[in-house]
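As structure tokens, the structure follows; a few thoughts come after it.
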Amino acid sequence: MAESRKDVLVVIPARWAAQRFPGKPLTAIDGKPMIQRVWEAAAQSKRATRVVIATDDTRISKAAKRFGASVCMTSPKCPSGTDRVAQAAKASKAGIIVNVQGDEPLMTSQTIDKVIEALQQDDTAIMSTAVRRSENDKEWKSPNSVKAVLDRMNYALYFSRAPIPAVRSAEDAHRSPKWIHLGIYAFRRPFLFRFAALAPTTLELTEKLEQLRVLEHGCSIKVVIAKEMSAAVDTPQDVKRVEKILKASLKRAEEAL
């Protein structure tokens, strides 16, 4: 299929059988299914030309169609979210494909656009993602929060569930930003399929972070800095935290009017 460099496809992978939180995509976040909140943010993107939810579960598919989303059914054997995205992208001509993870209900269209823009404005970049500053020590120390270390050109050096870089003194704590990785990736079309064809790597399997497959194969990931607060839902306990952040954000928006 011939590539269309101008087209940008956003794919939201969603599976039912998450080990820590089965049925997570349809969990209500302040009255709406979580997957719907992610889809609404993607649908507001100014740089995306199409948004689709990729799932292997009919319950998710039916719910998505009820709120107006396009759905692509994928194999239940996909080993990762990006592998599911690659399967969905085969039916598209898009030159840039974006993976917005379905457990990021606070993801904004602004962040999605910044990640897409990173590829559109730099022909040498093959993949991009986003980080934000850590909110507190609890988040920083949690293995559910993925940390990132960047070089001076804002390319990723490493991602980890451990707090990195290691801080050895109070003085050192202010020298390096504490970056939290967000669940979004943009790929140039050829690189997405190259990534999906690569076998999982040692560090990827150790940390349970698929982006490490890219770094272990010697490829680069461009990173943009998101200003908006975002938080992934990894466990049922995260739902209340996300709802609290969402309500505070809505209150600030109302006060600004």
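How many residues are assigned to a helix (DSSP H, G or I) and open to solvent by 20 Å² or more (accessible area, probe 1.4 Å) when one looks only at the stretch 63-82?
Let us first name the residues in the stretch 63-82 that are assigned to a helix (DSSP H, G or I), namely 63-66, 81-82.
Those left that are additionally open to solvent by 20 Å² or more (accessible area, probe 1.4 Å): 65-66, 81.
Summing the residues that are assigned to a helix (DSSP H, G or I) and open to solvent by 20 Å² or more (accessible area, probe 1.4 Å) in the stretch 63-82 gives 3.
Of all residues in the stretch 167-191, those being without any contact (Cβ under 8 Å) to a residue 12 or more places away in the chain and within 16 Å of the chain's Cα centre (by Cα) number 0. In the stretch 146-158, is there at least one residue being on the phi > 0 side of the Ramachandran plot, surrounded by 13 or more Cβ atoms within 10 Å (Cβ to Cβ) and touching a residue at least 60 places away in the same chain (Cβ under 8 Å)? Yes, some residue in the stretch 146-158 is on the phi > 0 side of the Ramachandran plot, surrounded by 13 or more Cβ atoms within 10 Å (Cβ to Cβ) and touching a residue at least 60 places away in the same chain (Cβ under 8 Å). The single residue among ALA253, ALA226, ALA231 that is open to solvent by less than 80 Å² (accessible area, probe 1.4 Å) and over 23 Å from PRO13 (Cα atoms) turns out to be ALA253.
From the list ILE184, ILE116, ILE180, ILE164, exactly one residue is among the aliphatic types (A, V, I, L, M), touching a helix residue (DSSP H, G or I) at 6+ places or on another chain (Cβ under 6 Å) and under 20 Å from VAL214 (Cβ atoms). Which is it? Before you say what the answer is, go through the steps one by one.
On the way: ILE116 fails: touching a helix residue (DSSP H, G or I) at 6+ places or on another chain (Cβ under 6 Å); ILE180 fails: touching a helix residue (DSSP H, G or I) at 6+ places or on another chain (Cβ under 6 Å); ILE164 fails: touching a helix residue (DSSP H, G or I) at 6+ places or on another chain (Cβ under 6 Å).
Testing whether each residue is among the aliphatic types (A, V, I, L, M), touching a helix residue (DSSP H, G or I) at 6+ places or on another chain (Cβ under 6 Å) and under 20 Å from VAL214 (Cβ atoms) leaves just ILE184.
Out of all the residues in the stretch 192-204, is one or more free of Cβ contacts under 8 Å to residues at least 24 places away in the same chain, of a type in the set (A, V, I, L, M) and out of contact with any helix residue (DSSP H, G or I) (no Cβ under 8 Å at 6 or more places or on another chain)? Looking for residues that are free of Cβ contacts under 8 Å to residues at least 24 places away in the same chain, of a type in the set (A, V, I, L, M) and out of contact with any helix residue (DSSP H, G or I) (no Cβ under 8 Å at 6 or more places or on another chain), one finds at least one in the stretch 192-204, hence yes. Screening GLN44 against (1) closer than 21 Å to ILE97 by Cα; (2) in contact with a Phe, Trp or Tyr (Cβ under 8 Å, 6 or more places away or on another chain) leaves a single unmet condition, (2).
Would you be able to say whether some residue in the stretch 17-31 is open to solvent by 20 Å² or more (accessible area, probe 1.4 Å) and within 23 Å of LYS114 (Cβ to Cβ)? No, the conditions are met nowhere in the stretch 17-31. ARG168 meets all of the listed conditions (1) open to solvent by 50 Å² or more (accessible area, probe 1.4 Å); (2) within 19 Å of CYS219 (Cβ to Cβ) but one, namely (2).
A search for C-beta distances below 9 Å between a residue of the stretch 85-104 that is in contact (Cβ under 8 Å) with a residue 12 or more places away in the chain and assigned to a strand (DSSP E or B) and any residue that is charged (D, E, K, R) and buried (at least 24 other Cβ atoms within 10 Å of the Cβ), counting only pairs 6+ apart in sequence or on different chains, returns ASN99/ARG84. Checked against (1) more than 30 Å from LYS6 (Cβ to Cβ); (2) surrounded by fewer than 21 Cβ atoms within 10 Å (Cβ to Cβ), ALA125 passes all but condition (1).
LEU198: among the hydrophobic types (A, V, I, L, M, F, W, C), open to solvent by 70 Å² or more (accessible area, probe 1.4 Å) and at pLDDT below 95, yes or no?
Numbers: among the hydrophobic types (A, V, I, L, M, F, W, C): yes; open to solvent by 70 Å² or more (accessible area, probe 1.4 Å): no; at pLDDT below 95: yes.
So LEU198 does not fit the description; no.
The values are calculated or read from the model by the stated rules, or taken from the named source; none is laboratory data. All of these numbers come straight from a predicted model, not from anything done at the bench. Every residue, glycine as well, gets a Cβ built from its backbone with ideal geometry; the counts of neighbours run over all protein chains shown. For accessibility, only protein heavy atoms count, side chains too; no ligands or nucleic acids. Shrake-Rupley method; radii C 1.70, N 1.55, O 1.52, S 1.80 Å.
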